[in-house]
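The values are calculated or read from the model by the stated rules, or taken from the named source; none is laboratory data. For clarity, every value in this text was computed on a predicted model and none was experimentally measured. Counting neighbours? That spans all protein chains shown, and the Cβs are built from the backbone with ideal geometry, glycine included. Side chains are part of the model used for accessible areas, which takes the heavy atoms of the whole protein and leaves out ligands, DNA and RNA. Shrake-Rupley method; radii C 1.70, N 1.55, O 1.52, S 1.80 Å.
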Amino acid sequence: MCGITGYVGAREASEVVLQGLHTLEYRGYDSAGVAAFINGNINVVKAVGKVSNVEEKIAALGTLKGAHCGIGHTRWATHGAPSDTNSHPHGTENIQIVHNGIIENYAPLRAMLQSNGFTFVSETDTEVAAKLIEYHYNNCHSREDALVYAMRDIIGSYAIAVMFRDCPETLYAIRKDNPLIIGVGEGENFVASDIAAVLRYTKTYYQLGDLELAIVTKDSICMMDMDKKEVSHPLLTATWSIEAAERGGYDHFMIKEINEEPEAVEKTLHPRIRDMMPNFEEENLSDERLKNAKSVTFVACGTAMHAGLVGKTAIEQLCRVPVKVEIASEFRYNDPILSEEDLVVIISQSGETADSLAALRLAKEKGAYTLGIVNVIGSTIAREADNVIYTWAGPEISVASTKAYTVQISLIYLLTIKMAYLKGKISEAEAKEYTRILYEDMPSLIKDTIAKEEEIKDAAKLFAKYEDLFFIGRGIDYHLAMEGSLKLKEISYIHSEAYAAGELKHGTISLITTEMPVIALATQEELYEKMISNIREVKARGAKVLLVAREGAKDAAAEAEKVIYLPRCEKFFTSIPLATVLQMLAYYVARERGCDIDKPRNLAKSVTVE
Ligand code: F6R
């Protein structure tokens, strides 16, 4: 996830900004850069790779020495691969900006600017924002108005810090749907995407509001709305240590990342929705390719493979196309049967998983069209697949995958809607309604799910003392049971089995005793009664049951020790809030047991060996 720092005051600006960037390194990034005022000019130094690369470049060049006002950025690539050119700051000799977020309409804005004589050197949406501000400034000659006009033009989310050459020792900032704080010092002030970046210098700060702009000098802070009316915000005081601040105040990255899911889903889906229809034009994913696909094969490992299972249910249900889900380490040695009309989708958060990469190469060799669903820009799978759709979840630091999975399944749903529409299986009106739910309702639905934290914490207490348990479910709930079970095993070290509920009595029900609790997932209305029968079977053998069900599910409370109700959701998409519940449940069980949640034993974040 990108990070922003800015400084104005008596200290050496580049040192303060670099210090802030080091503090933000935990967020994950692939390049960095700094801009500062020197003798009436804005000098920029940037580099791909670590912040220390920029630090060394700054020391070697000496071009920022003596500056007292500057901005800096750590970039997590979205538009354009990690490179010196794509790193921030971006702009011209007159304006430089750093930006977090995504400018969804960057393509038409770039075209408009090009027709007005602007040229572009990078592939980024940020350079478009910088030149848009300059374009307006050239026309209106007011910095504030230029920023307001740019805010009006931009569709998307952003936190942007700006330096204008003709206004030295001053920082400007704007934001929408992306955090930006103004750190308050004595004779010095700061801007940052995250209080962690400035905590070394000050604990007091303002939170800039949505669609507001700030003008910051060493002695003054002015915040205003889009009508240029001054606004005031309470002065906040951070109570976190630097270490806690790096986790945004959360105790673990895992729970921080779960809390980032609403934003991650929005960032991943919104740019791919136009006129309330899925749109993959930016990815050059042709309609023909989706329309003519005879089969779909998802290939992946672990949690990413479980995302493929959700895809199987969704695509088969809505598109009536056969879907296979393959474990990459098996697929690569199984001599798969594939042809040009088959679509092979490789799902990978890291984009570097050795087995998934080998599977991708094999699928290409067999002549299939390969599509990567990948979180890390420029990773090997992203580069080698015939096509890639990035999930913009931001960096995932906790070993257990949470937000990456949630955005993978959300994106797969969007692809499914597109495919079903192209294949004539749903009407345009139906496609628009499904898309609207993902676009408008899903982020707040995930927020409502996260708000059930206390209930989930309570349920976790029921299970923390056991060493074995069962997850059961039917249909898509069975696939979610597999993911819930993996998450729980991975971080709490409780052994668990995920079972298709109807399969229990073909052998494994012999394991059910008073010492074997059961987590039953029953979110599908048409399978609910069947699930209730299965729950009664395990209860009759002494099992304690936690039931996860739809809001309003009939007599749920009478059937289980505890019930967690999902917020009301269109049934096609219930796996999204259900995933969040299961992730939180695993988290709180592991916490009860005092486990090292972010770094479970024996595991690595990216498995680059076979
Ligand atoms: C589990 C988990 C793993 C990964 C798997 C694939 O929480 O994170 O199961 O999902 O190792 O990794 P990627 O998605 O990077 O290919």
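Quick notes on this structure:
A quick yes/no check of all residues on (1) within 16 Å of the ligand (Cβ to nearest atom); (2) open to solvent by 10 Å² or more (accessible area, probe 1.4 Å); (3) not small (G, A, S):
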site: L504; (1), (2), (3): no, no, yes
site: G507; (1), (2), (3): no, yes, no
site: A522; (1), (2), (3): no, no, no
site: V545; (1), (2), (3): no, no, yes
site: V563; (1), (2), (3): no, yes, yes
site: T574; (1), (2), (3): no, no, yes
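- The set of residues in the range 337-392 that are open to solvent by 20 Å² or more (accessible area, probe 1.4 Å), farther than 30 Å from E266 by Cα and away from the ligand (no atom under 15 Å from the Cβ) comprises I337, L338, S339, E340, E341, L362, K364, E365, K366, G367.
- Looking across L357, L371, L362, one residue alone is over 23 Å from the mean Cα position of the chain (by Cα) and either not in a helix (DSSP H, G or I) or not assigned by TED's automatic domain parsing to the domain that holds G101 (or both). It is L362.
- Within the range 309-336, being among the polar types (S, T, N, Q) and within 29 Å of the chain's Cα centre (by Cα) holds for T313, Q317, S329.
- Qualifying residue in the range 34-43 (condition: closer than 30 Å to S379 by Cβ and open to solvent by 10 Å² or more (accessible area, probe 1.4 Å)): no
- Members of the range 92-112 found to be open to solvent by 20 Å² or more (accessible area, probe 1.4 Å) and under 27 Å from S379 (Cα atoms), listed by number: E104, N105, Y106, A107, R110
- Filter result (among the aliphatic types (A, V, I, L, M) and in a strand (DSSP E or B)) within the range 147-185: A159, I160, A161, V162, M163, L171, A173, I174, I181, I182, V184
- Any hit, the range 310-320, residues being in contact with a Cys (Cβ under 9 Å, 6 or more places away or on another chain), among the hydrophobic types (A, V, I, L, M, F, W, C) and in a helix (DSSP H, G or I): no
- So K465, is it surrounded by fewer than 19 Cβ atoms within 10 Å (Cβ to Cβ) and in a loop (DSSP other than H, G, I, E, B): yes
- Among (1) modelled with pLDDT under 95; (2) within 16 Å of the ligand (Cβ to nearest atom); (3) open to solvent by 30 Å² or more (accessible area, probe 1.4 Å) - the single one V325 does not satisfy: (1)
- Test: residue in the range 295-314 that is surrounded by fewer than 16 Cβ atoms within 10 Å (Cβ to Cβ) and free of Cβ contacts under 8 Å to residues at least 60 places away in the same chain: no
- Pick from the range 219-267, criterion at pLDDT 95 or above and β-branched (V, I, T), ranking: nearest to the chain's Cα centre (by Cα): V265
- Checked against the criterion of being open to solvent by less than 10 Å² (accessible area, probe 1.4 Å), among the basic types (K, R) and within 16 Å of the ligand (Cβ to nearest atom), the range 489-500 has no qualifying residue.
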